[in-house]
1. For residues that are touching a helix residue (DSSP H, G or I) at 6+ places or on another chain (Cβ under 8 Å), surrounded by fewer than 22 Cβ atoms within 10 Å (Cβ to Cβ) and in a loop (DSSP other than H, G, I, E, B), tally how many sit in segment 274-316.
2. For segment 57-89, name all the residues that are more than 25 Å from the chain's Cα centre (by Cα) and either of a type outside the set (S, T, N, Q) or within 22 Å of Leu367 (Cβ to Cβ) (or both).
3. If I ask for residues that are without any contact (Cβ under 8 Å) to a residue 60 or more places away in the chain and among the β-branched types (Val, Ile, Thr), which ones from segment 213-244 would you list?
4. Residues of segment 110-146 being of a type in the set (A, V, I, L, M, F, W, C), assigned to a helix (DSSP H, G or I) and over 19 Å from Thr268 (Cβ atoms), which ones?
5. Hey, could you check segment 357-386 for residues that are β-branched (Val, Ile, Thr) and not in a loop (DSSP other than H, G, I, E, B) and say which is surrounded by the fewest Cβ atoms within 10 Å (Cβ to Cβ)?
6. So, of the residues in segment 147-201 that are part of a loop (DSSP other than H, G, I, E, B) and aromatic (Phe, Trp, Tyr), which turns out to be farthest from Ala228 (Cα to Cα)?
7. If Glu259 meets every condition in (1) under 22 Å from Glu215 (Cβ atoms); (2) within 22 Å of the chain's Cα centre (by Cα); (3) surrounded by fewer than 16 Cβ atoms within 10 Å (Cβ to Cβ) apart from one, which number is that one?
8. So which of Thr93, Thr56 is of a type in the set (Ser, Thr, Tyr) and either in contact with a Lys or Arg (Cβ under 7 Å, 6 or more places away or on another chain) or within 25 Å of Leu211 (Cβ to Cβ) (or both)?
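The values are calculated or read from the model by the stated rules, or taken from the named source; none is laboratory data. Note that the structure is a prediction, hence the values are computed from the model and not measured. FYI the Cβ positions are ideal-geometry reconstructions off the backbone, even for glycines, and counts take in every protein chain you see.
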Amino acid sequence: MIPSVLPTYNRAPLEFVKGEGAWLIEADGRRFLDLGAGIAVNALGHAHPALVMALTGQAQNLWHVSNLYQIPQQQALADKLVDATFADTVFFTNSGTEACELAVKMARKHFHDKGQPEKVEIITFDGSFHGRSSAGIAAAGSEKMTRGFGPLLPGFVHLSFGDLDGVTNAITDTTAAILIEPVQGEGGIRPVPDAEMKALRQICNENGLLLILDEVQCGVGRTGKLFAHEWAGITPDIMMVAKGIGGGFPLGAVLATEEAASGMTAGTHGSTYGGNPLGCAVGCAVIDHVADPEFLAEVNRKAGLLRQKLEGLVADHPEVFDEVRGTGLMLGIKCKATNIDVVNAGYDNQVITVPAADNVIRLLPPLTLSEDDIAEALTRLDKAALQVEASLASA
């Protein structure tokens with residue numbers, strides 16, 4: 001008999017009832033150190049006072065009106081994002097998946113309105129993850145996400161991760177854009193080197209293509225810059241954002257230049273809930289904190305400390321771990337043991353990590369993680385590794 005909640009998730013047997021900073025409290029009272037942050041969502045941790053104040057304050061006044069009317073909170077958040085980034089304009093969504101849908105539509109509509117309707121193809125890369133909509137799974141192209149969901153939305157060309165020569169060779173008269181995550185998350189915490197990001201920007205410039213960046217997981221301070229592409233000194237034409245921008249409230253956005261967004265006129269796209277007063281009030285509070293240079297400097301300092309300690313952890317447990325990868329507070333440990341076994345051992349020792357492809361566990365803690373939290377994280381990860389080692393020895 002099918003359960004009342006559609007069984008599409010393999011859920012851990014944990015039921016959290018409260019959160020405080022980097023900590024989650026289970027229904028039985030156990031305290032778990034959260035190095036997953038809701039998969040890079042809780043950028044400011046759990047129950048951050050500024051977010052609680054923003055949400056409750058707005059909730060007492062107005063929740064929803066729809067985009068038939070002006071929404072001051074939406075305008076305020078759009079202005080903050082435009083002031084802080086490359087973008088000239090912003091459309092708000094409820095999720096990263098919805099942001100992907102608009103990014104694809106925006107790129108194709110751009111060329112349609114420029115008199116080049118044949119330019120519809122978008123180059124993407126293996127290991128990518130762009131959500132689970134029809135466009136998102138077609139963009140990623142992996143069998144895991146596409147099997148059984150055909151026919152797939154056409155218009156995507158899939159290349160190997162890091163294959164710059166392949167990009168140049170794949171461009172035709174029908175190519176519209178390149179879509180890439182500056183740091184792959186689901187794909188196993190694989191950063192795109194700065195030189196490759198620069199090269200992709202140059203390829204787009206030389207061929208009249210749009211560069212679309214998916215910063216749903218790696219954006220909003222996660223890598224120590226407000227957005228990850230800033231490390232390479234380049235800017236996209238279109239960027240997908242979600243997860244951290246709402247700090248736990250469902251919120252996403254597509255940021256774009258005026259030129260890239262030129263085809264998106266009245267009636268070409270919409271969202272009933274996107275950019276609602278509640279979400280945008282919280283988003284404003286998030287950006288006010290995360291865009292602060294002092295805050296980002298602290299993210300980088302703590303990221304360096306955590307990385308150093310993780311390198312030591314890997315060295316201490318060579319049968320369990322292989323290497324540390326990633327940037328900022330978007331880190332991964334490639335495992336020699338099965339990554340799910342490591343995640344489960346973490347649950348036993350009350351520390352949360354997130355599995356990813358390439359046998360990696362992700363560490364995506366709140367950006368507000370303290371030094372004491374980092375020390376406790378390493379203690380608990382060490383215990384989890386010892387547990388895995390014992391299991392391997394007895395196998």
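1. Matching residues across segment 274-316 total 1.
2. Let us first name the residues in segment 57-89 that are more than 25 Å from the chain's Cα centre (by Cα), namely 57-72.
Once the filter is applied, which keeps residues that are more than 25 Å from the chain's Cα centre (by Cα) and either of a type outside the set (S, T, N, Q) or within 22 Å of Leu367 (Cβ to Cβ) (or both), segment 57-89 yields Gly57, Ala59, Leu62, Trp63, His64, Val65, Leu68, Tyr69, Ile71, Pro72.
3. Ile234
4. Of everything in segment 110-146, those that are of a type in the set (A, V, I, L, M, F, W, C), assigned to a helix (DSSP H, G or I) and over 19 Å from Thr268 (Cβ atoms) turn out to be Ile137, Ala138, Ala139, Ala140, Met145.
5. Within segment 357-386, the subset β-branched (Val, Ile, Thr) is 360-361, 368, 374, 379.
Next cut, not in a loop (DSSP other than H, G, I, E, B) only: 360-361, 374, 379.
Details: Val360: 27, Ile361: 25, Ile374: 21, Thr379: 13.
So, considering only residues that are β-branched (Val, Ile, Thr) and not in a loop (DSSP other than H, G, I, E, B), the one surrounded by the fewest Cβ atoms within 10 Å (Cβ to Cβ) is Thr379.
6. Looking only at segment 147-201, we keep the residues that are part of a loop (DSSP other than H, G, I, E, B), and these are 147-155, 160-163, 171-174, 181-182, 185-189, 192-193.
If we keep only those that are aromatic (Phe, Trp, Tyr) as well, we get 149, 161.
Numbers: Phe149: 32, Phe161: 17 Å.
Restricting to residues being part of a loop (DSSP other than H, G, I, E, B) and aromatic (Phe, Trp, Tyr), the top hit is Phe149.
7. (2)
8. Working: Thr56 fails: either in contact with a Lys or Arg (Cβ under 7 Å, 6 or more places away or on another chain) or within 25 Å of Leu211 (Cβ to Cβ) (or both).
When all the criteria are applied, what remains is Thr93.
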